[in-house]
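Data first, discussion second: the structure below is written as structure tokens.
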Amino acid sequence: MNKIITFHMVAKCKSFTKAAESLGLTQPAVSLQIKSLEEECGMELFERVGKNILLTDAGETLLLYVEKILHTMEEAKRALKEAQNPLSGEIKFGASILSGIYVIPPILGRFKREYPHVTFSVKIRFARDLIESIEDNKIDFAIMGEGDESQRKQCLSFTSLLEDELVFVTSPMHKLASKKTVSAYEVLNQDLILTEKYSATRNYIDSEFNRYGICIEPYLELGNIEVVKKLVAEDFGSSILSWISVKKEVAEGNLHASKIEEMNLVRRVFLVKRKGKKFLPATNLFVSFLKSETGSIKETFGYE
């Protein structure tokens, strides 16, 4: 890198002596660096015309790339300086479908109002895809619901942010809509519309029912929670969904939710990252904000 900087200064000053003064070097030291660079390139980069030092054609070509390199280095230095400022910089994280729709948006909005110069790169994906992105260092962390034990890889750390309960959801017109609790047997005898097996929610449902020796055979599988809710509201079928995702519709009377008897379907929503992962200041600031926000709303997510 020193040879490139010296080359650029000689080309700018058109003098070995002036370049040496600008760089705080001796003139022989500058000459040696240029000679070494010419040997590496296999051709002369300067020629002397009278008292002037001028670039050869090869030198002119090299100068174009050297200026790009130095400009990129300056941009990198500025970016690194900004990254150390917790009030600016980019935060790269992911969220599961559930968290991305029902947990993250209001928190991002409040954070943006307080820290308007921080930017975000957010991936909304299935849990398994987020774990892969964390392992490949494409995102710094992810927010996802508890799934099955296969998600708990040794290289990852899981920090609980909040708890959420899975509930049996029907249309208000459904024959079970008058009940506050339903049995697992009653649930299994309905036309169940469930999220796809790739989702953490579905993995959790399957694993918990398997604990009781129950295998769920859904009537329909969909990848979009909102579509599931709309079909249930039309009494096309019933579902098992996160309380976070349906509490608004239940309050408005568009859906009905019941607890499933004798089953503990309370699950955690985690912040997941690689063990030993070091965050930049802006990311640390957001993670602290996130923990504070989810801690304050934890009580409202339980179905009562």
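List every residue pair whose Cβ atoms lie under 7 Å apart, where the two residues are 6 or more positions apart in sequence or sit on different chains, the first residue falls within segment 17-36 and is more than 17 Å from LYS51 (Cα to Cα), and the second residue, located anywhere, is basic (Lys, Arg).
Hits for this filter: GLN33/LYS3; SER36/LYS3.
For segment 57-113, give me each residue that is without any contact (Cβ under 8 Å) to a residue 24 or more places away in the chain, basic (Lys, Arg) and over 21 Å from THR6 (Cβ atoms).
ARG78, LYS81, LYS112, ARG113
Can you tell me which residue is surrounded by the fewest Cβ atoms within 10 Å (Cβ to Cβ) among those in segment 188-225 that are acidic (Asp, Glu) and either at pLDDT below 95 or in a strand (DSSP E or B) (or both)? Please lay out each step first, then the result.
Let us first name the residues in segment 188-225 that are acidic (Asp, Glu), namely 191, 196, 206, 208, 217, 221.
Then keep just the ones that are either at pLDDT below 95 or in a strand (DSSP E or B) (or both); that gives 196, 206, 208, 217, 221.
Working: GLU196: 14, ASP206: 16, GLU208: 20, GLU217: 7, GLU221: 15.
If we take residues in segment 188-225 being acidic (Asp, Glu) and either at pLDDT below 95 or in a strand (DSSP E or B) (or both), then GLU217 is surrounded by the fewest Cβ atoms within 10 Å (Cβ to Cβ).
Restricting to segment 228-249, name every residue that is touching a strand residue (DSSP E or B) at 6+ places or on another chain (Cβ under 9 Å) and without any contact (Cβ under 8 Å) to a residue 40 or more places away in the chain.
Those that are touching a strand residue (DSSP E or B) at 6+ places or on another chain (Cβ under 9 Å) and without any contact (Cβ under 8 Å) to a residue 40 or more places away in the chain: VAL228, LEU231, GLU249.
Determine if segment 9-31 includes at least one residue that is part of a helix (DSSP H, G or I) and closer than 29 Å to PHE279 by Cβ.
Start the filter on segment 9-31 by keeping residues that are part of a helix (DSSP H, G or I), which leaves 9-13, 16-23, 27-31.
Add one more test, that the residue is closer than 29 Å to PHE279 by Cβ, and what stays is none.
No, segment 9-31 contains no residue that is part of a helix (DSSP H, G or I) and closer than 29 Å to PHE279 by Cβ.
Just one of the numbered conditions (1) assigned to a helix (DSSP H, G or I); (2) outside the structural domain of MET144 (by TED's automatic domain parsing) is not true of VAL287; which one?
For VAL287, the failing item is (2).
Test SER171 against the criterion of being assigned by TED's automatic domain parsing to the domain that holds TYR212 and either touching a Lys or Arg at 6+ places or on another chain (Cβ under 7 Å) or hydroxyl-bearing (Ser, Thr, Tyr) (or both), and give yes or no. Talk me through it step by step, then tell me what you get.
Values: assigned by TED's automatic domain parsing to the domain that holds TYR212: yes; either touching a Lys or Arg at 6+ places or on another chain (Cβ under 7 Å) or hydroxyl-bearing (Ser, Thr, Tyr) (or both): yes.
Spelling it out, SER171 is indeed assigned by TED's automatic domain parsing to the domain that holds TYR212 and either touching a Lys or Arg at 6+ places or on another chain (Cβ under 7 Å) or hydroxyl-bearing (Ser, Thr, Tyr) (or both).
The values are calculated or read from the model by the stated rules, or taken from the named source; none is laboratory data. In this text the structure is predicted, and so the values were computed from the model without any measurement. Cβ: placed from backbone, ideal geometry, glycine included. Neighbour counts: every protein chain shown.
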